[in-house]
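**Q** The structure that follows is given in the form of structure tokens.
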Amino acid sequence: NSKTFRWTGKYRQNINERDTLDVQPGVLGEPIPTVPPQFRDSQYVFLANTHPAAQMELLKSFPKAKLVVADTMDLWINTAMDELKALMQQIDGLVLNDSEAKMITGESNMVLASRLIVSMGPKFVIIKKGEHGAMLQHRDGVAVMHAFPAATVVDPTGAGDSFAGGLMGYLAQVD
């Protein structure tokens, strides 16, 4: 009986900032499942948030991938930075939030942080900035995307996953 991954955190007054209080890996602590043969030819692969070593192992199941994008979080930055840096050498894009970008690079300026992340291997990085939208940095330049204005935000947990899923779905559709 596998238990689901569980993240517990507390959002600060600035809802773009959060503190991780508890992480229960659940199923993410188990061996990586085998990718069924009918999915191994997938060309668009999103390596959702899990340990970077597991993401690298999973990536081996997709030899025909044209675009590989990964997600990460503060837990893996704090506990598996070497593996995360190795993963960045194998992916096309990385999606993370501004505090995670600062953790990886030590840089509080997101333009500089994004350039540093691209220099670590991925062709592009998307830094989510909560209510301020997102920033795309690639080897040829930068683009900024505004967020839809909302007067009340209750709990943004999972919003980044939804953003990344929508991004990958769109990119697969337009190809």
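Rule-based calculations on the coordinates, nothing more; no lab input. A quick note: this is a predicted structure, and the numbers were derived from the prediction, not measured. Counting neighbours? That spans all protein chains shown, and the Cβs are built from the backbone with ideal geometry, glycine included.
**Q** Less than 10 Å Cβ to Cβ from Pro25, Lys/Arg counted +1 and Asp/Glu -1: what total charge do the surrounding residues give?
**A** +1
**Q** What's the extension gain from Arg40 to Ser108 if we count 0.36 nm per residue and subtract their Cα-Cα distance?
**A** 20.6 nm
**Q** Mind listing the phi-derived Karplus ³J(HN,Hα) values for segment 43-52, rounded to whole Hz, using 6.51, -1.76 and 1.60 with θ = phi - 60°, and x for any glycine or proline?
**A** 9, 10, 10, 10, 8, 5, 4, 7, 4, x
**Q** Run a plain Debye calculation on segment 33-175 (Cα atoms as equal point scatterers, no solvent) and give log10 I(q)/I(0) at q = 0.17 Å⁻¹, rounded to two decimals, same order as the q list.
**A** Each listed q maps to, in turn, -0.97.
**Q** Here's a follow-up. Cα-based Rg of segment 10-62 per 2.2 N^0.38 Å, rounded to two decimals? Don't skip to the end; give the middle numbers.
**A** Details: Rg = 15.4 Å, N = 53, 2.2 N^0.38 = 9.9 Å.
For segment 10-62, the normalised Cα radius of gyration comes out at 1.55.
**Q** Sort out for me the Cα centre separation of segment 1-62 from segment 118-143, rounded to whole Å.
**A** Rounded to whole Å, the Cα centres lie 21 Å apart.
**Q** To continue, here is another question. Looking only at segment 151-165, which residues have a backbone nitrogen under 19 Å from a spot 7 Å from the Cα of Lys123 in the C-beta direction?
**A** Once the point is set 7 Å along Cα→Cβ of Lys123, 164-165 turn out to lie under 19 Å by backbone N, inside segment 151-165.
**Q** Do the sum for the chain: with -39,500 (n - 2.57) for every DSSP H run of n ≥ 4, divided by all residues, what is the mean residue ellipticity at 222 nm, to the nearest 500 deg cm²/dmol?
**A** -9000 deg cm²/dmol
**Q** Right, another one. Order 152-162, 111-121 from most to least packed using the mean count of other Cβ atoms within 10 Å.
**A** On the way: 152-162: 11.7, 111-121: 17.5.
Packing order, densest peptide first, comes out as 111-121, 152-162.
**Q** Around Glu107, with a cut-off of 13 angstrom between Cβ atoms, what is the net charge of the other residues, counting Lys and Arg +1 and Asp and Glu -1?
**A** 0
**Q** So, in segment 63-175, how many Lys pairs have Cα atoms under 21 Å apart, if the pair is 8 or more places apart or on different chains?
**A** Lysine pairs, 8 or more places apart or on different chains, close enough: 9.
**Q** Quick one: if the Förster radius is 25 Å, what FRET efficiency do Gln89 and Val153 give, using the C-beta to C-beta distance and rounding to 0.05?
**A** Details: r = 35 Å, r/R0 = 1.41.
E(calc), rounded to 0.05, equals 0.10.
**Q** Still on this structure: What's the local net charge at Tyr11, with K and R +1, D and E -1, over the other residues with C-beta under 13 Å away?
**A** Values: positive: Lys10, Arg12, Arg18; negative: Glu17, Asp19, Glu131, Asp155.
Spelling it out: positives minus negatives among the neighbours equals -1.
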